[in-house]
1. Could you grab the pairs with beta carbons closer than 6 Å, sequence gap of 6+ or different chains, first residue in region 498-520 and under 26 Å from GLU372 (Cα atoms), second one at pLDDT 70 or above and surrounded by 12 or more Cβ atoms within 10 Å (Cβ to Cβ)?
2. Going residue by residue through region 207-222, is there one that turns out to be modelled with pLDDT of 80 or more, in contact with a helix residue (DSSP H, G or I) (Cβ under 7 Å, 6 or more places away or on another chain) and either open to solvent by 30 Å² or more (accessible area, probe 1.4 Å) or closer than 30 Å to ILE45 by Cβ (or both)?
3. So which of ALA198, ALA120, ALA191, ALA166 is out of contact with any Pro (no Cβ under 9 Å at 6 or more places or on another chain) and free of Cβ contacts under 8 Å to residues at least 60 places away in the same chain?
4. Would you point out the residue of region 281-310, among those that are polar (S, T, N, Q) and in a helix (DSSP H, G or I), that is least open to solvent (accessible area, probe 1.4 Å)?
5. I need a count of the residues in region 466-520 that are modelled with pLDDT under 75, of a type in the set (D, E, K, R) and open to solvent by less than 70 Å² (accessible area, probe 1.4 Å).
6. Suppose the filter is more than 30 Å from GLU70 (Cα to Cα), at pLDDT below 80 and open to solvent by less than 40 Å² (accessible area, probe 1.4 Å); does PHE317 pass it?
7. Please work out which residue is nearest to ALA399 (Cα to Cα), limiting yourself to region 148-165 and to residues that are open to solvent by 10 Å² or more (accessible area, probe 1.4 Å) and small (Gly, Ala, Ser).
8. Within region 123-145, track down each residue that is without any contact (Cβ under 8 Å) to a residue 60 or more places away in the chain and either out of contact with any Gly (no Cβ under 7 Å at 6 or more places or on another chain) or open to solvent by 10 Å² or more (accessible area, probe 1.4 Å) (or both).
Amino acid sequence: MLSISSFLQLLKESFRDLLPIILVIMFFQLAIIQTVPDNWLTTAIGLAIVGVGLAVFLLGLEVGIFPVGEGLASDFAKKGSTKWIVIFAFMIGFGTTVAEPALIVIAQKAASISAGRIDATTLRMVVAFSVGFAIVLGVWRIIKGHPIHYYIISGYVMVVAATIFAPKEIVGLAYDLGGVTTSTVTVPLVAALGIGLASNIKGRNPVLDGFGLIAFASLTPMIFVQFYGIFVYEYVDAVTTSVTQIAPVVQELATAPAEFDFKILDILKGLVSVVIDVVPILGVILFFQYIILKKPIDNLKNVIIGFGLVILGLDAFIVGLEMGLFSVGETMAYELTQYDNNVIIYSFGFLIGFSTTMAEPSLTAIARKAKEISDGKINDFVLRLFVALGVAIGISLGAYRIVVGGEIVYYIMAGYMFVIALTFLAPKYIIPIAYDSGGVTTSTVTVPLVAALGLGLATNIEGRDPLIDGFGLIAFASLFPMITVMLYGIITEKIGVKGEHEKEQLHMDELRHALEDVHNMNLSTINIQGTDKRHSYDMPFSAVHVIVPIEKEEQAILAARNAGARGVTITKARGMGLEKIDNFFNRLHEGESDSNLMFITQSKRVDAIIKAVVDELDLTGTGRGVAYSHPISHLKGLTLKLDDI
């Protein structure tokens, strides 16, 4: 909802999420490196801009991206045209990926250190096509209702099979490109598409079927890029380039701090680049909305405002990162590689992975959506904690691989085995979210720092090759969140965490059982005359009391019997008029002059009995006496004839 209160709440959450990053950087800068950065004021301002930009970005997603994405999915589902859904899915996947800034940067880095074999533009096209194909495959799965784990496990088998034949120079790059393809804007829109389809196709569940598209978009690039690598390393000749020529390029990429010059022109250029990143998405949406569906966008004003907020928020976010985080983070990543103590490197990788993931805007958006459609069963903050823990473990383990050496494929295969095993143990609702979590963690914040750390380690550790060993950390950061999120699902299932509707239903069930218990307690136990049987009788009973003079006792009993009474309890009574009550002590020992007749009978016969007695004794006329009744419960020991029952 577009409101000041919503923005302030998002702003509060954004700065809460940035706090771990600030603490990690301050600790390593002051306690380990023991220097104060020269540009600490610029860093502080940059982090403040990051917080504001993140809040604006998330507000734009809620106002513009999610509603229009889910609306399109709903319209496609109602239209029932599978062909157009598939075409839309491919265009969204291809169009948003080909202009992805992180992909452009990684492709250029790969081209510069591959001895001319890898062409940056061709690599981007291969990756973009693979993502388009992935979204189509994911949409097809939702339409058909197939379980996601069959697709994912098959994909893992293909990844490993391709790895066997792929040159080792391409494996780490391929694994990393599986993580950088899902951009900050693409992730929410793709998630909205999947959730919208699953919500509007009969028999589909938004939680079980709506998630998973991002997992496909992270998996297929690994396969396609490895096949591309097999081709180029088989048929494309290397340009003669010495190690001494490649080293300065890698050194610059890994160690040079990103100096940010706060100029209006630079800010405008950054804004234009963000607009270029968003325009393909907007173009695809407008084309399908107005040309194919021939339907105007609902709440067009809010959607336009939402997209505008996304652009402004993302631009501010990136500007703030360049001012406040990248320059410090990349420098620290390089400086820490100069220490002989490897534990410091692993600790930095763990903590920076955890803190940057907690501030990742894509993850925040997806976690909030997961909480919404899971009816609160998934806690968005706890989900992000487990994802961040997975990234932290992945990056520290990836750093360990670079330091000690070893083939990345063995680590990745072992991780896949854990994922497959947990797939059969984790609750079904968490599996698609776990698969998606691997793709949303490696985006705007995480990728640059993780890439800098990996290249820095591979460049400065003897015996490591930047192309073979420098890439791969992003793959680790994408793999381990799947494991930790599935563990989160298993833990919540074990401790019995319920969604809001489940809690309400459980409360209603408990209340119903309690009422049933009370009801069962109130059942009357009836003895059946002439037998030794007893019967729990679900029928209301009442007691009819008739107080009359002793001489009228027999007359009242006969009238009640004729009206259906089957038994009577007679007690002697003595009445006292109001004129005598002031001096009732003198009358305590006077003899009984009345009879109290109590008839226990089925409530349906009360009217007839009282009417018969009142008429017979003329109690509403000249006769003397009182007749009344009241309902009774917990009746035990009453004997009735079988005919009465």
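1. Listed pairs, sorted by first residue: GLY499/ASP375; GLY499/GLY376; GLY499/LYS377; GLU500/ASP375; GLU500/GLY376; HIS501/ASP375.
2. No, the conditions are met nowhere in region 207-222.
3. ALA120
4. Residue satisfying both the conditions and the ranking: GLN289.
5. Here the count works out to 1.
6. The answer is no for PHE317.
7. ALA161
8. Taking region 123-145 first, the residues without any contact (Cβ under 8 Å) to a residue 60 or more places away in the chain are 124-125, 128, 132, 136, 140, 144.
Selection gives ARG124, MET125, ALA128, VAL136, TRP140, LYS144.
The values are calculated or read from the model by the stated rules, or taken from the named source; none is laboratory data. Because the structure is a prediction, the values reported are computed rather than measured. Positions of Cβ are generated from backbone atoms using ideal geometry, with glycine treated the same way; all protein chains shown enter the neighbour counts. Heavy atoms of the whole protein, side chains included, go into the accessibility calculation; ligands, DNA and RNA do not. Shrake-Rupley method; radii C 1.70, N 1.55, O 1.52, S 1.80 Å.
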